[in-house]
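Written below as structure tokens is the structure these notes are about.
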Amino acid sequence: MSARVLVLAGAGGVGKTTVAAAAAVGLADAGARTAVLTVDPARRLAQALGVTGLGGRPAPVAAVPGLDAAMLDQDERFRELLARSGSAELAGNPVAAAVARGFGGLQEYLAMDLLGELHAAGGYDAIVVDTPPAGSALDFLDSADRMARLTGHPLMRLLTGSSAVLGAGVGLLGRVVGGRTLAEAADFARAVAPVAEEVLARSRAMRAVLAERGEVALVAAPAAEPLRIAARMAAALADQGLPPRALVVNRTHPVPAALAGAAPPERLTGADPAAWAGLREVHAARVALAAAEARQVARARRRLPEPALLELSSVRGGVAGTAELRLLAGRLAPLLAG
């Protein structure tokens, strides 16, 4: 059976990586052989899982049997791409180095390729993907089409063509950018073109899997801007044929109904008046915060009526390891149930 793929997307700073880690822990605890892959270059996934570091290949998480974790290493994956082309020596090519450093979308191409490789290998029951923030997440999901545009770009065809095809146009280009630079670019393009086609094929296959069986969950904080970003992402994902399955509102601050309905008495027998007044102020602020968050979530719900809504209340003391992740996994049960 094909692995289940759960993609977490949303604005930066909303706890998306923590939610991805909790989802992966929950799936593994339920008996699914699970991999969690982060495309975000920040190292929050390792911190959440309580490991010292993550490599570019899935490795076991000691505290969670059945769970492997990996973080995309763009430079390492790019070197692997060059090696697959039979041109590992091009790692020193200035054009290759420039591409690895700054080519827009390369991280997303390589991430989709790695996801496709893991999925095709068939070693997992579930794969959880922690995407980079907002726009980059959309680039990740759209990477197959972007790769198709790259491989079909006129400049790529020019650089990979025969000398007869290149003709005077390349001579002119060489005079503009320099003959050596043009030769290096041509060497790089010819070496990478076959692998780019392979990456494109795998990305398209993975994109088809996501469209047919993939699940996207949007993660947002209970505030106006992250929820607006989630709404825009939902519309963009729907246009890509990937309507989100769930909206996870993370780090909410609910107040029990019994405490929210009435203010504490002005005085409490035996309590220090100043301390009690301070507690009343804290309570009032917490009730006001919960009400403000509830209004923001209600507005978002009007914009996003379709996805299931899950609210994750803030964990006291923060998420410090797998114990807190398991607590969050329990709250994610409707999403993880499949």
Notebook entry, point to check: For the range 316-338, does any single residue satisfy the condition of being of a type in the set (Val, Ile, Thr), within 30 Å of Pro65 (Cβ to Cβ) and at pLDDT below 90?
Noted result: yes
Check: So which residues in the range 295-333 are in a helix (DSSP H, G or I), touching a residue at least 24 places away in the same chain (Cβ under 8 Å) and small (Gly, Ala, Ser)?
Finding: Ala300, Ala329, Gly330, Ala333
Next item on the list: Would you be able to say whether some residue in the range 182-190 is modelled with pLDDT of 75 or more, assigned to a helix (DSSP H, G or I) and in contact with a Gly (Cβ under 7 Å, 6 or more places away or on another chain)?
Entry: no
Check: For the range 1-52, what are the residues that are over 21 Å from Gln74 (Cα atoms), hydroxyl-bearing (Ser, Thr, Tyr) and assigned to a helix (DSSP H, G or I)?
Finding: Thr18
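When you scan the range 261-281, do you find a residue that is among the small types (Gly, Ala, Ser), within 20 Å of Leu332 (Cα to Cα) and not in a loop (DSSP other than H, G, I, E, B), even just one?
To start, the set of residues in the range 261-281 that are among the small types (Gly, Ala, Ser) comprises 261-263, 270-271, 274-275, 277-278.
Those left that are additionally within 20 Å of Leu332 (Cα to Cα): none.
Within the range 261-281, not a single residue is among the small types (Gly, Ala, Ser), within 20 Å of Leu332 (Cα to Cα) and not in a loop (DSSP other than H, G, I, E, B).
Yes/no per residue for (1) modelled with pLDDT of 85 or more; (2) in contact with a Leu (Cβ under 9 Å, 6 or more places away or on another chain); (3) farther than 14 Å from Arg303 by Cα:
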| position | (1), (2), (3) |
| --- | --- |
| Ala201 | no, no, yes |
| Arg213 | no, no, yes |
| Pro226 | yes, no, no |
| Ala231 | yes, yes, no |
| Asp239 | yes, no, yes |
| Pro243 | yes, yes, no |
| Asn250 | yes, yes, yes |
| Ala263 | no, no, yes |
| Glu266 | no, no, yes |
Check: Going by the structure shown, is Val5 more than 18 Å from Pro65 (Cβ to Cβ) and among the aliphatic types (A, V, I, L, M)?
Finding: yes
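Looking only at the range 293-326, which residues are aliphatic (A, V, I, L, M) and surrounded by 14 or more Cβ atoms within 10 Å (Cβ to Cβ)? If you could, list the steps in order and put the result at the bottom.
Of the range 293-326, the ones aliphatic (A, V, I, L, M) are 294, 297-298, 300, 304, 308-310, 312, 315, 319-320, 323, 325.
Ala294, Val297, Ala300, Leu304, Leu309, Leu310, Leu312, Val315, Val319, Leu325, listed by residue number.
The values are calculated or read from the model by the stated rules, or taken from the named source; none is laboratory data. Keep in mind it's a predicted model, so treat the numbers as computed, not measured. Using ideal geometry, Cβ is built from the backbone for each residue, glycine included, and neighbour counts are taken over all protein chains shown.
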